[in-house]
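S.K.: Sharing a structure, written as structure tokens. Questions coming.
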Amino acid sequence: AQARDGRTTPATGYFDDAADAQTAIDARLAIIGVVRRRFAVVVAEMIFPDLSNGVPVWTLIDTEYDVNGPMLVARLQIDAEDETTTMELFG
């Protein structure tokens, strides 16, 4: 089968068959033991987290995505011009 990007083989990390994707997901879950998700979060103000105690952990609550729990900050971007903070949370 031809990959969606027009190549003759699928790109690394993408599957043309849902069963193949499920097999990969099951294998990953067996290795790490839990399902982890990433979220992009835009904060309507600038936040300068205290990094002296290591990687910050924030509680993310979002009913639309059924998440309510602690998340590690995987990426932090502070925009001083717009006075916003964008974080990629993982947990």
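What follows is calculated from the coordinates using simple rules that are stated; it is not laboratory data. Just so you know, these numbers come straight off a predicted model, no measurement behind them. Here Cβ is always computed from backbone atoms with ideal geometry, including for glycine, and neighbour counts include all displayed protein chains.
S.K.: Put a dot 7 Å past each Cα toward the Cβ at E45 and I78; how far apart are the dots in nm?
M.R.: So the two model labels end up 1.4 nm from each other.
S.K.: A further question on this structure: Under a point spin-label approximation (7 Å from Cα along Cα-to-Cβ), what is the W58-A21 distance to one decimal in nm?
M.R.: Output for this residue pair reads 2.8 nm.
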